[in-house]
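Got a structure for you, written out below as structure tokens; questions coming shortly.
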Amino acid sequence: MSEYGVLLVSHVSEIVEGLTALLKEVASDVSITSAGGTDDGGIGSSFDKVQAAVEANQSGKILAFYDLGSSKMNLEMVKEVTDKEITLFDTAFIESAYTASALLQAGVPIEEIKKQLEPLKIK
Amino acid sequence: MLTVESTIKWLNLFSEKVEKNKDYLSELDQAIGDGDHGANMARGVAAMNEALSNKSFDSIQDVLKTAAMALLSKIGGASGPLYGSALIAMAKQAGEDRSDLASIIQAGSDGIQKRGKAEPGDKTMVDVWVPVVNALKNNKLSADIIKKAVQDTEPLKAKKGRASYLGDRSIGHIDPGSMSSGYLFETLIEGDTL
Ligand SMILES: Nc1ncnc2c1ncn2[C@@H]1O[C@H](COP(=O)(O)OP(=O)(O)OP(=O)(O)O)[C@@H](O)[C@H]1O
Ligand SMILES: [Mg+2]
């Protein structure tokens with residue numbers, strides 16, 4: 001497994017399931033975990049699910065990507081309570097998660113990856 | 001003044017008011033958001049009620065922290081981490097000085113701003129919390145002040161949250177989170193907590 005893992009947070013479980021499939025195709029050695037929707041399977045975001053996805057990630061350092069509003073807020077709240085190192089990206093969700101995963105798989109250094117994500121910042 | 005009993009009573013009154021008005025909250029959210037604010041809040045306060053009735057508390061801090069965790073993990077929308085952050089910050093402040101209600105609510109307001117990065121005028125619940133804090137500091141909090149703060153969100157253009165994606169179309173509607181925050185402070189008055 002790579003030093004850094006990838007975490008995906010969305011309001012909809014199918015969105016992160018689909019995105020995970022897309023990423024795994026190019027990043028089989030990167031730990032990718034996700035949290036989608038609310039606890040009862042509805043549309044929204046869940047602190048508990050985000051926390052579980054952070055703990056389930058096999059890497060101690062995590063690059064996190066999200067879709068809208070509360071996904072980010074829950075990520076930040078989990079970041080405050082976890083021992084893992086989480087870096088949050090305010091970037092285009094699909095494009096940046098793909099870029100990060102592909103570059104991690106290729107063994108590109110983290111600083112270089114961050115640089116490549118910069119132009120994808122949209123929020 | 002806040003005591004363990006008055007804090008629980010306040011939060012219970014808030015729960016009742018949210019439950020009673022959940023359809024209206026969702027209706028407001030339908031206009032400029034995704035229409036779930038009433039359902040979100042009702043789910044949150046139900047979990048909060050259960051958590052508060054299942055335990056005995058020996059400090060206000062403990063009450064507020066328990067309420068915060070229930071709201072945070074059960075609301076499911078932006079208002080979850082926002083109300084959660086507010087109550088966690090309020091719990092911390094109550095631990096330092098429980099007699100100063102204005103400072104406790106101020107801590108909650110700061111917690112919301114820290115979490116959501118909204119400023120006054122962005123058409124969010126911050127537009128109710130900030131005027132309420134100012135009124136409390138001057139010993140002037142009233143139902144009218146709360147009502148006016150909520151109403152004053154109507155002409156604003158949203159800069160944060162779901163409604164911000166609508167741009168000018170967000171003008172002319174009351175912000176749902178401001179309405180639910182209005183309920184929180186109305187019940188503070190109704191519960192004789194001031
Ligand atoms: N960044 C923010 N800062 C302060 N308040 C906010 C922010 N974003 C949203 N809100 C408040 O939250 C209310 C909406 O709460 P609701 O529970 O409906 O969440 P939502 O917008 O559906 O969440 P999501 O981010 O998951 O889409 C808004 O009316 C507003 O008052
Ligand atoms: Mg909503």
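About its Cα centre, how strong a charge dipole does segment A:4-120 have in debye, to the nearest 20, once Lys and Arg get +1 and Asp and Glu get -1 at the Cβ? Could you put the intermediate results ahead of the total?
On the way: 8 positive and 18 negative charges, 38 e Å.
Magnitude of the dipole: close to 180 debye.
What's the ranking of B:74-83, A:89-98 by average number of surrounding C-beta atoms within 10 Å, highest first?
Sorting B:74-83, A:89-98 by mean packing, highest first, produces B:74-83, A:89-98.
Under a 1.4 angstrom probe, counting protein chains only, how are B:Met1, A:Met1, B:Met41 ranked by accessible area, largest first?
Solvent-accessible surface, decreasing: A:Met1, B:Met1, B:Met41.
Of A:Lys115/B:Lys117; A:Lys72/B:Lys22; B:Lys114/B:Lys147; A:Lys72/B:Lys55; B:Lys74/B:Lys137; B:Lys65/B:Lys114, which sit over 28 Å apart, Cα to Cα?
Flagged as over cut-off: A:Lys72/B:Lys55; B:Lys74/B:Lys137.
Counting only protein heavy atoms and a 1.4 Å probe, tell me what percentage of chain B's accessible area is made up of carbon and sulfur. Let's see the in-between values first.
Numbers: 4080 of 8340 Å².
Looking at chain B in its full context, I get 49 percent from C and S.
Now for a different question. Would you kindly find the accessible area of B:Glu16, with a 1.4 Å probe and non-protein molecules such as ligands, DNA and RNA excluded, rounding to the nearest 10 Å²?
110 Å²
Given a 1.4 Å probe, show me the residues in segment A:39-68 buried by at least 50 Å² of accessible surface when comparing the whole protein assembly to the chain alone.
A:Phe47, A:Leu68
What's the ranking of B:168-174, B:2-8, A:107-113, B:103-109 by average number of surrounding C-beta atoms within 10 Å, highest first?
Details: B:168-174: 16.0, B:2-8: 17.7, A:107-113: 12.1, B:103-109: 23.1.
Listed from highest to lowest mean packing, they are B:103-109, B:2-8, B:168-174, A:107-113.
Additional query: Where does the protein assembly as shown land at 222 nm, in deg cm²/dmol rounded to the nearest 500, when only DSSP H runs of n ≥ 4 count, each adding -39500 (n - 2.57), divided by all residues?
Counting only the DSSP helices, I get -18500 deg cm²/dmol.
Next question. Can you list the residues of segment A:72-92 that have at least 50 square angstrom less accessible area with all protein chains present than in their chain by itself, probe 1.4 Å?
Listed by number, the residues meeting the 50 Å² cut-off are A:Met73, A:Met77.
Report the one residue of A:Ile113, A:Val16, A:Ala52 whose Cα lies farthest in the direction of the positive end of the charge dipole of chain A (charges on C-beta: Lys and Arg +1, Asp and Glu -1; origin at the Cα centre).
A:Ile113
So, by mean Cβ neighbours within 10 angstrom, what's the order for B:185-193, B:120-128, A:77-85, A:7-15 with the highest one leading?
Details: B:185-193: 17.9, B:120-128: 24.1, A:77-85: 14.4, A:7-15: 21.1.
Ranking, from highest mean packing down: B:120-128, A:7-15, B:185-193, A:77-85.
At 7 Å along Cα-to-Cβ for each site, give me the label-to-label distance between A:Thr87 and A:Leu22 in nm.
2.1 nm
Just to verify a number: what accessible area does B:Arg115 come out at with the full protein assembly present, 1.4 Å probe, Å² rounded to tens?
That residue has around 20 Å² of solvent-accessible surface.
So with the 1.4 Å probe, I'd like the accessible area per residue for chain B, rounded to whole Å². Intermediate values should be presented prior to the final figure.
Details: 8340 Å² over 194 residues.
Counting only protein heavy atoms, the per-residue value for chain B is 43 Å².
Now for a different question. Choose one of A:Val6, B:Asn12, B:Ile145: the residue whose Cα lies farthest towards the positive end of the charge dipole of the protein assembly as shown (beta-carbon charges +1 Lys, Arg; -1 Asp, Glu; about the Cα centre).
B:Ile145
Using only Cα atoms and rounding to the nearest 10 degrees, what angle (0 to 90) does helix B:4-20 make with the longest principal axis of chain B?
Helix B:4-20 sits roughly 30 degrees off the main axis of chain B.
If you don't mind, another one. Relative contact order for chain B using alpha-carbon pairs under 8 Å, separation at least 6, rounded to a whole percent?
Once normalised by length, the contact order is 24 percent.
At a 1.4 Å probe radius, carbon and sulfur cover how many percent of the accessible area of segment A:4-120?
Whole-percent figure for carbon plus sulfur exposure: 53.
Within segment A:1-43, list the residues whose amide N lies under 12 Å from a label point set 7 Å along Cα→Cβ of B:Tyr165.
A:11-12, by backbone N distance to the label point.
Something else: Mind grabbing the interface size between A and B? I mean buried accessible area, both sides, 1.4 Å probe, in Å² to the nearest hundred.
Heavy-atom accessible area buried at this interface is about 1300 Å².
Suppose every K and R has +1 on its Cβ and every D and E has -1 on its Cβ; what is the size of the dipole of chain B about the Cα centre, in Debye to the nearest 20?
Approximately 420 debye in magnitude.
The values are calculated or read from the model by the stated rules, or taken from the named source; none is laboratory data. Since this is a predicted model, take the numbers as computed values, not measurements. When we count neighbours, we look across all protein chains shown, and the Cβ atoms used for this are built from the backbone with ideal geometry, even at glycine. Just so you know, the surface numbers come from the protein's heavy atoms only, side chains and all, with ligands and any DNA or RNA stripped out. Shrake-Rupley method; radii C 1.70, N 1.55, O 1.52, S 1.80 Å.
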